[in-house]
Structures are given as C-alpha cells and as structure tokens.
Number of protein chains: 2
Amino acid sequence: MIELFENTFEPELLEEFNSKAKRVSVKEGDIILDFGQTVRVIPIVLSGTLKISRLDDAGKELLLYYVSAKESCAMTFTCCMQQFPSEVKATAEEDTEFLALPITAMDEWMMTFPTWKSFVMRTIRTRFNELLRSIDQLAFQKLDERLIHYLKEKSKTTGSALINLSHEQIANEMASSREVISRLLKRLENENKLLLYRNQIKLLPGFC
Amino acid sequence: MIELFENTFEPELLEEFNSKAKRVSVKEGDIILDFGQTVRVIPIVLSGTLKISRLDDAGKELLLYYVSAKESCAMTFTCCMQQFPSEVKATAEEDTEFLALPITAMDEWMMTFPTWKSFVMRTIRTRFNELLRSIDQLAFQKLDERLIHYLKEKSKTTGSALINLSHEQIANEMASSREVISRLLKRLENENKLLLYRNQIKLLPGFC
DNA sequence: TTAGAAGTGTGACAACAGTCACTGACTAGT
DNA sequence: ACTAGTCAGTGACTGTTGTCACACTTCTAA
C-alpha cells in the first residue's frame with residue numbers, strides 16, 4: 001500500500017512510485033539478491049522482513065541486519081548507482097512484499113525530491129551504524145554476549161519471545177558452529193533466561 | 001590546491017570550494033573528530049592521511065580505514081546532514097592538510113552538482129565495502145591473517161616497506177594485546193617475511 | 001510402523017588468544 | 001654516565017571457541 005508512506009514522502013513522489021515501481025511478493029527463504037549479482041532494482045519493504053548477510057569463501061555466513069517495513073537497503077543505493085555487483089546476500093526472512101524501484105528513477109529523485117534524498121541519507125546512516133555495531137560485537141565481545149544480542153534482535157524483529165530456529169541455523173548466521181551455540185544456549189537455560197525446545201527457543205521475561 | 005580536483009569536479013563547484021571551504025592543517029596525532037562529537041565540517045584530504053577508528057567502552061580501539069588524498073569520509077556525509085554525533089574517531093596519521101567544507105553547502109550541492117553527488121555516492125560505496133572487509137576479517141579470519149592484512153594496508157598507504165610502529169601501537173589498532181602481536185610478528189620474522197627493529201618493521205619482498 | 005533424517009546434548013581434546021610475570025635491551029634527558 | 005622509561009621477547013597459565021565422536025530424541029515420509 002502506498003498509503004504506508006503518506007507521511008514520509010511528498011504526493012508527487014508517491015505518484016512516481018505508483019507509475020514506476022513494481023510490486024513483488026516473495027516467500028520465506030527466497031533469495032532476492034545473491035552475492036556478486038548485479039543490483040537491478042531498489043527494494044522498499046511493504047510487509048515482512050529481508051535478511052542481509054555476508055558470506056566468506058568457505059560459504060560461512062554472517063547476519064548483518066534486517067530490512068523491515070518502510071525500510072530499504074543502503075547497499076543497493078550505492079551499488080546500483082554505479083552498477084556494481086552486490087557484496088551481500090538478501091534473503092526473505094519471512095513471506096515478504098516489497099516495492100521494486102527502477103534504479104534510474106532513484107538517481108533523478110535524489111535531485112528533485114528532498115524527502116527522497118533524506119530517506120536515502122537516513123537509510124545509509126542507519127546501516128552504517130548497524131555495520132559499526134556488528135564490528136563492535138566481533139571485535140570487542142565474546143560469543144555469549146553476541147548470542148544474547150542476536151536473540152534479542154531476532155525477538156525484536158519478529159515481535160515475539162518465541163524464536164523458531166534450530167541451533168544450526170543460529171550458528172550459521174553467527175558464523176560459528178552448532179555445538180558451541182548448543183552449549184551456550186544450554187547455559188542460558190540453566191540461568192533461567194530462556195527455555196529450549198526442538199526448533200524453538202522461548203525467551204523468558206528476565207532475559208536481558 | 002584546488003587543481004587537484006580539476007578532473008573530478010566541474011569548474012562551478014571548484015569555485016564554490018574556493019569561496020566556501022576552509023583550508024586546515026593538522027599535525028600527526030591530532031584528533032580531528034572524537035567519538036560522540038558533533039560533525040561540523042566535511043573534510044576532503046589534500047595531502048597526508050586521516051585514520052578512522054572505532055572505540056569500545058573499555059577504550060580499546062579498532063582501525064576501520066584510512067582517508068587519503070582526494071578522499072573523504074562517508075560517515076561525515078550522513079552524520080552531518082542530520083546533525084548526528086560521530087560514531088567514530090578521526091586522527092591524523094601523519095601531518096595532513098584538508099579542505100573543510102561547510103555542511104550546509106554539502107546538502108545543496110547534492111541537488112545541483114552531479115559530480116558532487118556521484119563523489120558522495122562513490123565515497124559511501126567505498127567505505128561500505130571497507131567496513132564489510134573489516135567484518136570479514138573479524139568474523140572469518142584469525143589474528144595472524146588479520147595482522148598480515150594490516151601490515152599490507154599500512155605499507156600501501158605510506159608507500160613504503162618500512163613501518164614505523166611499536167608492537168603496542170599495532171595491538172591497539174587491532175584491538176588485541178601487545179604480547180600476542182609480538183609473538184605473531186616473531187613468527188613472521190622466522191618465516192623470513194619481515195625484519196623486526198625497535199619501533200620499526202621492514203616487510204621483505206616475499207611478504208604476501 | 002518403521003527407517004532414515006534432522007535436531008540436540010555432551011565429553012574429550014586442540015588451537016588460539018589474552019593475561020601475568022619477569023627479563024633484558026635500547027633511548028632520552030638530566 | 002646514570003636513571004627512568006619505553007620497547008621487545010618469552011614462559012606459564014587460563015578461558016574461549018572450534019572440532020570430532022557418539023548417543024539419544026523427535027519428526028517425517030514411505
């Protein structure tokens with residue numbers, strides 16, 4: 001729904017959306033954009049969540065950040081404007097709908113619509129800060145603190161204290177290994193911070 | 001010298017530089033912008049190098065990237081446009097001269113000068129990629145590989161195989177500890193990849 | 001219903017990085 | 001020339017993370 005953006009963008013820009021943007025639906029797990037692919041459109045999420053992650057040569061993965069409703073991905077802005085291949089992978093974290101904006105329009109709009117320009121700059125700033133926070137975690141924090149942070153984030157984006165993931169999936173997204181995550185989760189369970197089930201983790205109120 | 005940018009920006013923009021930019025000289029070690037300070041100007045380096053780094057609560061440091069001649073720092077673009085405090089620290093790596101552009105001008109120029117807009121977007125993309133590479137290093141590589149990468153980068157920015165740093169300084173910039181760096185350097189020396197002196201490291205031709 | 005797959009729990013061990021303690025070498029300033 | 005401070009080397013130890021091996025449970029599909 002274009003109405004979602006009524007308070008964000010001026011009417012003329014919303015009309016541009018209407019005439020130039022395509023609406024795309026993807027299912028949970030679909031890969032929107034893989035590492036190395038050329039960016040062809042700019043996604044703005046309407047509903048659902050996209051997951052942006054980084055891969056290493058060995059195929060290990062690391063979650064960078066989520067793109068939720070009304071948000072977009074900063075990397076596509078800068079990549080697409082000079083037709084560079086993507087440095088990251090974008091996956092649908094759940095069933096997701098997004099607007100696909102043509103990259104040519106993106107460039108014009110920067111010059112003509114102030115709200116678009118500030119949306120772009122705001123998005124870039126936010127993502128920069130998220131990358132910095134990732135770097136903080138990796139450089140300065142241990143795995144148990146990273147895990148707690150990860151679970152909190154997951155819970156925040158889904159809006160639920162129930163997390164439906166296997167230990168293996170968590171390990172992948174954190175570029176760690178299953179056994180280690182299992183052990184740390186068990187410890188958190190013993191500390192009464194969460195409950196473990198098969199494919200599911202329940203964060204308890206005292207989870208900090 | 002404004003001539004440095006003759007091929008980068010249109011003449012009208014260079015005139016803007018002349019009338020609105022201040023020229024600033026700083027000495028090696030000077031702090032241009034500290035963590036948490038408000039960004040007041042946008043620096044474009046004329047000569048020398050700025051070092052951009054991240055701090056944790058305990059005061060540990062982590063080098064993010066260098067800003068060399070004709071370059072600028074992406075974070076200041078996005079921070080200044082909405083008057084946010086800096087998330088990083090900028091230090092003069094050596095004696096450095098830079099243009100200080102007023103942040104108000106920055107915003108206008110995005111709309112009026114295409115070369116400025118693409119300079120901004122190119123800078124943002126480059127810095128994004130450097131942050132991603134930092135993340136790669138931290139998530140997927142061991143300290144010895146990170147150290148090799150660090151030394152290579154250092155050598156590249158200074159254009160010399162001689163690196164004038166104590167082990168302690170290196171440890172700080174890599175958010176590690178002196179003894180560990182000493183040990184790894186010793187191992188690299190035994191592998192004939194470099195020579196160690198007091199406050200100096202010489203990379204040998206076979207350094208890969 | 002049953003075989004196989006997927007998920008979890010754990011012990012044992014290795015590798016790596018951080019810390020502590022101490023030594024000795026070099027350097028700058030008085 | 002002496003002293004205090006900085007820098008580097010190293011052994012011993014600890015805690016964290018990754019890996020291997022294996023047991024056990026739960027789910028799924030034939």
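Coordinate-derived values only; no laboratory data. Since we're looking at a predicted model, the values are computed, not measured. As a convention, Cβ positions derive from the backbone with ideal geometry for all residues, glycine included, and neighbour counts pool all protein chains shown.
Sort out which residues of segment A:166-184 are surrounded by 17 or more Cβ atoms within 10 Å (Cβ to Cβ) and either under 22 Å from the mean Cα position of the chain (by Cα) or closer than 23 Å to A:Glu28 by Cβ (or both), and write them in order of number. Before you say what the answer is, go through the steps one by one.
Step one: of segment A:166-184, the residues surrounded by 17 or more Cβ atoms within 10 Å (Cβ to Cβ) are A:167, A:170-176, A:181, A:184.
Within segment A:166-184, A:His167, A:Ile170, A:Ala171, A:Asn172, A:Glu173, A:Met174, A:Ala175, A:Ser176, A:Ile181 meet the criteria.
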Q. Within the bounds of segment B:116-133, is there any residue that is within 16 Å of DNA strand C (Cβ to nearest atom) and within 13 Å of chain A (Cβ to nearest Cβ)?
A. no
(Q) Take the conditions more than 16 Å from DNA strand D (Cβ to nearest atom), buried (at least 17 other Cβ atoms within 10 Å of the Cβ) and not in a strand (DSSP E or B) and apply them to A:Arg127. Does it pass? (A) yes
Q | Residues (within 14 Å of another protein chain (Cβ to nearest Cβ) and touching a residue at least 60 places away in the same chain (Cβ under 8 Å)) located in segment A:134-172 | A | A:Ser134, A:Tyr150, A:Asn172
Q) How many residues, within segment B:192-208, are within 14 Å of DNA strand C (Cβ to nearest atom) and either under 20 Å from B:Gln141 (Cβ atoms) or surrounded by fewer than 13 Cβ atoms within 10 Å (Cβ to Cβ) (or both)? A) 4
Q: Among the residues of segment B:94-148, write down those that are in contact with a Ser or Thr (Cβ under 7 Å, 6 or more places away or on another chain) and either among the acidic types (Asp, Glu) or on the phi > 0 side of the Ramachandran plot (or both).
A: B:Glu94, B:Glu97
Q: Determine if segment A:63-73 includes at least one residue that is touching an Asp or Glu at 6+ places or on another chain (Cβ under 8 Å) and among the polar types (S, T, N, Q).
A: no
Q) Picking from B:Ala105, B:Ala100, B:Ala69, which residue would you name as being part of a strand (DSSP E or B) and touching a residue at least 12 places away in the same chain (Cβ under 8 Å)? A) B:Ala100
Q | Residues within segment A:13-60 that are under 13 Å from the mean Cα position of the chain (by Cα) and of a type in the set (Ser, Thr, Tyr), tallied | A | 3
